[in-house]
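*Asks:* Mind having a look at this structure? Questions to follow.
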Amino acid sequence: MMWFLKGIKKRIKTENLNDKYKIKYPSVLEGKSDYNCPTGAIENNKWVKEKCIFCEKCDLKPTYKQDMYNINNNIPDIFKKSFYLYPIDSGTCGACNTEFNTIFSPQYDINRFKIFLSNTPRHADALVIMGVYTENMDKVIENAYDAMPEPKLLIGLGACSVSGGIIGEKISKKFDIEILGCPPSPYTIINAILKARGNVK
Ligand code: SF4
Ligand code: SF4
């Protein structure tokens, strides 16, 4: 309700994705640092974006750029028509889930790009895996993936799932799309999915 009233007052309907982003952390870091990074995200003075948890302790400088993702495989064109996501929490701190849920809010309104939540893997195009590797959830992810129709994608969201982050071991699967950050911002999540679907150049 508050968002709705604020929106009317400020005449803001949804986030304009072409606006200059004002998010400092997480964003692409640049420069050099020999800081003893707690997650090993600095190797030979260079930044390893997959491992960074944006603790702000090193000398690397934020650029405010939100394009922190890897698209590792060709994404089938059929997903341009509609794209259904099924999230699985393998062992998160809760923040990745919060940012992921935010993209479906009126403020970000990802439904306008024909991207939706599915309430079963049987109707999903992509599994979105968040959190570190946990032995018991490994089987759950496997079962969910097996239940999905072809073609299907695996998306890793957050440093924990992609690299193990600060907490531990990374998810044992190979991801088609890796969305980076700890947690990734809604801008990064939306940018990554739109780019993978070929909606933006
Ligand atoms: S911000 Fe923190 S986690 Fe990221 S590279 Fe610097 S020290 Fe490592
Ligand atoms: S990547 Fe960061 S925000 Fe996401 S679950 Fe791991 S610790 Fe939490």
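*Asks:* Taking the residues in the stretch 87-111 that are of a type in the set (A, V, I, L, M) and within 13 Å of ligand 2 (Cβ to nearest atom) as candidates, determine which candidate is surrounded by the fewest Cβ atoms within 10 Å (Cβ to Cβ).
*Replies:* The selected residue is Ala95.
*Asks:* What number of residues within the stretch 80-111 satisfy the criterion of being in a helix (DSSP H, G or I), within 19 Å of Pro121 (Cα to Cα) and touching a helix residue (DSSP H, G or I) at 6+ places or on another chain (Cβ under 8 Å)?
*Replies:* Total meeting the criteria: 1.
Here's the yes/no breakdown for (1) within 16 Å of Ile189 (Cβ to Cβ); (2) without any contact (Cβ under 8 Å) to a residue 12 or more places away in the chain; (3) among the hydroxyl-bearing types (Ser, Thr, Tyr):
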position	(1), (2), (3)
Ile23	yes, no, no
Gly40	no, yes, no
Lys51	no, no, no
Met68	yes, no, no
Phe83	yes, no, no
Asp89	yes, no, no
Ile115	yes, no, no
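*Asks:* Please verify whether Asp146 is at pLDDT 90 or above and out of contact with any strand residue (DSSP E or B) (no Cβ under 8 Å at 6 or more places or on another chain), treating the condition exactly as stated.
*Replies:* Considered against the rule, which asks whether it is at pLDDT 90 or above and out of contact with any strand residue (DSSP E or B) (no Cβ under 8 Å at 6 or more places or on another chain), Asp146 comes out as yes.
*Asks:* If Asn199 satisfies every condition in (1) surrounded by fewer than 18 Cβ atoms within 10 Å (Cβ to Cβ); (2) not in a loop (DSSP other than H, G, I, E, B) but one, which is the exception?
*Replies:* Asn199 satisfies all of (1) surrounded by fewer than 18 Cβ atoms within 10 Å (Cβ to Cβ); (2) not in a loop (DSSP other than H, G, I, E, B) except (2).
The values are calculated or read from the model by the stated rules, or taken from the named source; none is laboratory data. As the structure is a computational prediction, the values presented were derived from the model and not from experiment. Here the Cβ is made from the backbone with ideal geometry for all residues, glycine too, and neighbour counts use every protein chain on show.
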